[in-house]
Amino acid sequence: MLETMRTDILIIGSGGAGLFAALYAKKANPDLDITIAVKGLVGKSGCTRMVQGGYNVALNSDDSIERHFMDTIVGGKWLPHQDLAWALVNGAVKRIHELENEYGCFFDRNADGSLHQKAFAGQSFDRTVHKGDLTGIEIINRLSEQVWAQDINRLEEHRAVAFVPTKDGSGIAGVLLINMRAGSFRFVQAKTILLGAGGGPTMYRYHTPSGDKSCDGMTMGLRAGLKLRDMEMVQFHPTGILAGNDTRMTGTILEEGLRGSGGYLLNGERERFMFNYHSHGERATRDIVSRSMIEEVRAGRGTPGGGIYIRMAHLGPEKVAKQFKGMVKRCADCGFDLAGGDVEVLPTAHYMMGGIAFEPDCKTTLEGLYVAGEDSGGVHGANRLGGNGVANSTVFGGVAGEAMAKAITDGTDWREPDASVIEHEVGRCLKPFTGKPGDLNAIRETLVDLMWDKAGIIRDKSLLEDCIRELDALGEEHAVAGLADSTRAFNLTWHDWLNLESQILVSKSIAHAALAREDSRGAHYRADFPETGDLETTRYTTIELSDGDKLVTGSEPVEFTIVKPGESLIEGEAGAPPEIAPPPQAAE
Amino acid sequence: MSPVSYLLQRGTAMLMVPLIITHLAVIIMAVQGGLSAEEILSRTHGSMMWAGFYGLFVFAASIHAGIGMQTILREWTPLGRLASANIGHALIAILWVLGARAIYAVVWA
Amino acid sequence: MTSQERTFQVDIWRGDENGEYQPFEVPERENQTVLDVVTYIQRHLDPALAYRFACRVGVCGSCAMTVNGRPRWTCRTHVSRVVKNGKLTIAPLTNLPVIRDLVTDMTPFFEKWRDARGRFVAGDGPKNELAPVEPESNERAAASEAIECINCGVCYSACDVVSWRDDYLGPAALNRAWAAWNDVRDGDRTGILKAVSQGTGCHTCHTHQSCAEHCPVALNPTFSIAGLKRASLKAKLKGQLR
Amino acid sequence: MSISGLTRASRAHPGFVAALIHRLSGLALAIFLPLHFLMLGLALDEAAFSGAVAWSNQPLVKISEALMVSALAVHFAGGLRLLAVEFLGLTRAQGAWIAGCFAFGGGVGILFLMRAF
């Protein structure tokens, strides 16, 4: 059964990008019929909500957008699309004022009433606006309640499964969704569509994103013929909780401040090891710490759970319990004593810098389709600065909302869908109901191990080639795996099947892109090509799907439209923070 | 509950704080060794202070009870808002009438 | 599941409002939250079990369920803390319509959040500046105490008054309204008091404190509602609520 | 089968017990009040009133009266707690407050009985 509906603007996702887009479009033209479709509940799924750190924005008179820009470019190892990064740092200033003055976010203040901005890794100025360490909840709650109060349609628990183009393929006509509650299909025709479903590298054994993430957006983009960029760039966070088998909590973050304030990382023999790898010890940058931890475990010196211990007790358990209240409580809830004991951790996949290539006005190459947030690629390059993620989704979400409303005002109309695509995609989604029950758990376990071991923090040619081969085999196994239960309404196992399908395809993209990049920079480390390579000739990788199922990689030179390697917008400085060990700092 | 009902409910409660303390004290004193009709009426007959005190008490307690009953009916029975309110108001009226009659009986009759 | 594994019994609600508990045997793990138990059942014992979750670390408030009679966030509830006589009983949140199994329809909860004017309304302040707000000021301190709600619905499910009359706005929405009312930047603070002074608003609360008792992030909505009662009463007496 | 019974585990905390007793005592008082007024109204006819007072001196009636006095005291103390929470913002140590309310109510009832017999 296929229900159809029409709306002016369809927004997929309700994180920072989706909510901002809805509010912006409504403000631009209150007569527009706007619909948000989301896999969970509006404002309650996705990753913006999970932001702990904060929001980077240059507000202080001693700071500047040029400085924020340089930090972003240098942090991204000269790989970012410079016009996008420029749009980001400029837009952030506007957004933070809107979040405060239009939507009422409570950001932390200094004692004198001015906005507090904290230090965050990789930045030459303390510019991270925050609400304690729950900044994401504050932003998303304030935006959600604005959306709840407006005349904006909500399709909750509606999972987008395919972009439906026009017959001639020139533009997008609508989106095919599964109404998860009913288990039925719904085609939504819209004049303009925003993809803001988020990314989330959940195909790694240890990962931080929300459990509903499965890279559906990138998958739909690939299938619709869009080009993805920088897919090899997957950011890992050094300290994810290791809670054992069959735990959802495994992989979730213990914050950076624990190491910053003097926490120790210990191997299975309870010895500190970070100084064997880097002179900054535990306070080295995320990528170095992550790599060192993995090497220590690979050398057979891991904990019984296969990780590394983090220890805070030497700083005084009471002090730790007070200073890191949230983290200590989170550990206690899953049975660990962070303040007084050792807690097992391991690096955990955190964020995908790569995604669908797009322009500063959020347009993609498919007429009518816009993209914003983690589904998009090119803003952060090889590495994302902490605090630039939520800035990215909110800045471009707003840009997209405005652009979509304007396109409609300028006369964009509904396009006629290619009905054969709808039919084909419905068939693809229903395929598992016809097959013999397969072992989805085994497929998932294989996938997360494969990506962790062979396309993870340390990569090389042979690992990646193995990975691709095994992913292909896994894909074939998944394709024939059926479901044991034929109920379609709220059938999470069906959605597990669909999740795996997306995850496998995007995993392949990561592995192919990682194989294509023969250097090491930012989040991407090739043991067989450990050098960064020449910055002036920096190229970014691209990947697209051709002939339906063949991934084709390519590369394009980065255009240094604003600043070239070796230059800076700030006189006498490169723009990045000085290369010294960060001082011990209190958690904010 | 409407803010007016709330105000009346909490207002009468506050008003009754000293009244109840006094009433409890009177009860405890008076009950010593059992009660008799003469004993009660000798205290009350012709006493304007007594009439004023209990007049106020009846007035407040009736409102307080009526609103409370309305809330209980609304929450614990299938009765709707209007029916609960009507019963609550009726209770207030009944208590006023019976209370006034009681005061008249023990003070003037 | 190997035969050596220690298991425990978990009774799970199946169906919508009309349904029954279905028993499952789930293996014990050293670290195991209630959400992990539910996930285990869906992945290994009954693929059709419906439940809702997202962030898995107590941020999104999607996974609240009734566990052994109490509403809780399941992702942050360790089994060892709640298991009783070697048994767990898991049901959907009460006071909300049940969609299927452990999933409720939270729409009424969000509608009431809106009806309580649980949101910011921009004031006349300059749009290109950030209003100075002293963190120690009375109003900001009161707002800060109430603001960190994850809208999980646990308080709403625990609220006895909601269970007795489903038109009551409920603790979460009113708690948000209190934070909004204490926001000096807000452009229509009286509007909040009007919204919460309707017949089904803050004055309906009986101060049972079930909300405060169950809030997973230790907020005290009762306190917030009491604040609204006082503020709206004052406004009413001053004739501002017309 | 229903999801949760009348006795929800979520209600096993002092606040709910206090509220329940406050409500039940209030309900009892609201039912008692018209009867109380009716009895006092009998004073319009002195003989009838004497009879009624004499009747009320029976032990069983005395004990019932003691229960009503206790109900008044408990309702009064519980009401003070409620006013304290709502108007003074006193939310800490509610368990102790509530225990105090019940102790006060029980104490008044026992005192009544001790003096009545």
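Reported to the nearest whole Å, the Cα centre-to-centre distance from segment D:103-117 to segment A:107-135 is 61. Which part of segment B:69-109 falls in the paramagnetic zone of D:Leu38, meaning amide N under 18 Å from the point 7 Å along Cα-to-beta-carbon? From segment B:69-109, the list is B:90-106.
Compared with the rule-of-thumb size 2.2 N^0.38 Å for a compact globular protein, segment A:430-557 has a Cα radius of gyration ratio of 1.23. Here segment C:42-155 is described by how far its Cα atoms reach on the three principal axes: 58, 28, 24 Å, from widest to narrowest. Think of the protein assembly as shown as a dipole: +1 on every Lys or Arg Cβ, -1 on every Asp or Glu Cβ, centred on the Cα centre; then among A:Phe396, D:Leu40, A:Ala455, D:Leu40 lies furthest on the positive end. Identify, among A:Phe187, A:Ile140, A:Leu84, the residue whose Cα sits farthest towards the positive end of the charge dipole of segment A:83-202, taking +1 on the Cβ of Lys and Arg and -1 on the Cβ of Asp and Glu, with the dipole about the Cα centre. It is A:Phe187. Determine the calculated [θ] at 222 nm for chain A from helices alone, applying -39500 (n - 2.57) to every DSSP H run no shorter than 4 residues and normalising by the residue count; nearest 500 deg cm²/dmol. Counting only the DSSP helices, I get -10500 deg cm²/dmol. Computed log10 I(q)/I(0) for segment C:107-237 at 0.12, 0.16, 0.19, 0.22 Å⁻¹: -0.42, -0.74, -1.02, -1.32, from the Debye equation with unit scatterers placed on every C-alpha and solvent omitted. Projecting the Cα atoms of A:Leu535, A:Ala523, A:Asn499 onto the charge dipole of segment A:430-557 (Cβ charges, centred on the Cα centre) puts A:Asn499 farthest toward the positive pole.
Taken as Cα centroids, segment A:429-470 and segment A:486-520 sit 8 Å apart, rounded to the nearest whole angstrom.
Relative protection proxy for A:413-424, D:100-111, from highest mean packing down: D:100-111, A:413-424 (other beta-carbon atoms within 10 angstrom).
Against the globular-protein guess of 2.2 N^0.38 Å, express the Cα radius of gyration of segment B:3-107 as a ratio, rounded to two decimals.
1.25
Values of log10 I(q)/I(0) for segment A:152-202 across q = 0.21, 0.25 Å⁻¹ run -0.85, -1.05, by the Debye formula with one identical scatterer at each alpha carbon and no solvent. Using the Cβ of A:Arg415 as centre and a radius below 12 Å, the other residues enclosed give a net charge of -2, where K and R count +1 and D and E count -1.
Which percent of Cα pairs goes in each bin when the distances of segment A:237-350 are cut into 5 angstrom slices starting at zero? Result returned by the calculation: 2, 13, 25, 27, 21, 10, 2, 0. Dipole magnitude for the protein assembly as shown: computed about the Cα centre from +1 point charges on Lys and Arg Cβ and -1 point charges on Asp and Glu Cβ, it is near 3620 debye.
Could you work out the relative contact order of segment A:96-159? I mean the mean sequence separation of Cα pairs under 8 Å and 6+ apart, divided by the number of residues, in percent.
Relative contact order here is 26 percent.
The ratio of the alpha-carbon radius of gyration of chain D to the globular-protein estimate 2.2 N^0.38 Å is 1.35. Within segment A:59-133, the ratio Rg/Rh, alpha carbon atoms throughout and Rh by Kirkwood, equals 0.99. The mean sequence separation of alpha-carbon pairs under 8 Å and at least six residues apart, normalised by the residue count of chain A, gives a relative contact order of 22 percent. Rg and Dmax, both from the Cα atoms of segment C:142-205 and both in Å, are 12.0, 36. For A:Lys322 and A:Val552, the difference between the fully extended length at 0.36 nm per residue and the C-alpha to C-alpha distance is 77.6 nm.
Any chance you could give the angle, 0 to 90 degrees and rounded to 10, that helix D:94-116 forms with the longest Cα principal axis of chain D? With both axes taken from Cα atoms, the answer is about 10 degrees. Sorting the Cα pairs of chain C by distance into bins of 10 Å, from 0 upward, gives 8, 29, 29, 19, 11, 4, 1, 0 percent per bin. When cysteine pairs in chain C are screened for C-beta atoms closer than 4.7 angstrom, the residues that find no partner are C:Cys63, C:Cys75, C:Cys149, C:Cys152, C:Cys159, C:Cys202, C:Cys205, C:Cys215.
Charge dipole of segment A:288-390 (Cα centre as origin; +1 on each Lys and Arg Cβ, -1 on each Asp and Glu Cβ, all else neutral): 480 debye, rounded to the nearest 20. What segment D:14-116 shows is 46 Å² of accessible area per residue, with the surface traced by a 1.4 Å probe over protein heavy atoms.
The calculated pair-distance distribution of chain A uses every alpha carbon pair, bins of 10 angstrom beginning at 0, and gives 3, 18, 29, 28, 16, 5, 0 percent.
For C:Ala143, neighbours were defined as the other residues whose beta-carbon sits under 15 Å from its Cβ, and their charges (Lys and Arg +1, Asp and Glu -1) total -2.
Legend: residues in segment D:16-32 shielded by at least 10 square angstrom of accessible surface upon adding the remaining protein chains to the isolated chain (1.4 Å probe, heavy atoms) are D:Phe16, D:Ala19, D:Leu20, D:Arg23, D:Leu24, D:Leu27, D:Ala30.
Can you give the Rg to Rh ratio of segment A:95-147, both from alpha-carbon atoms, with Rh computed by the Kirkwood formula?
1.00
Calculated on the alpha-carbon coordinates, the convex hull of the protein assembly as shown measures out at 182 cubic angstrom per residue. Here chain B is treated with +1 on each Lys and Arg Cβ and -1 on each Asp and Glu Cβ, and its dipole about the Cα centre works out to around 280 debye. The relative contact order of segment A:430-557, computed from alpha carbon pairs under 8 Å that lie at least 6 residues apart in sequence, is 27 percent.
The values are calculated or read from the model by the stated rules, or taken from the named source; none is laboratory data. On a predicted model such as this, the values are computed, not experimentally measured, just so you know. Glycine also receives a Cβ, built like all others from the backbone with ideal geometry; neighbour counts cover every protein chain displayed. The accessibility values were calculated without ligands, DNA or RNA, using every heavy atom of the protein model including side chains. Shrake-Rupley method; radii C 1.70, N 1.55, O 1.52, S 1.80 Å.
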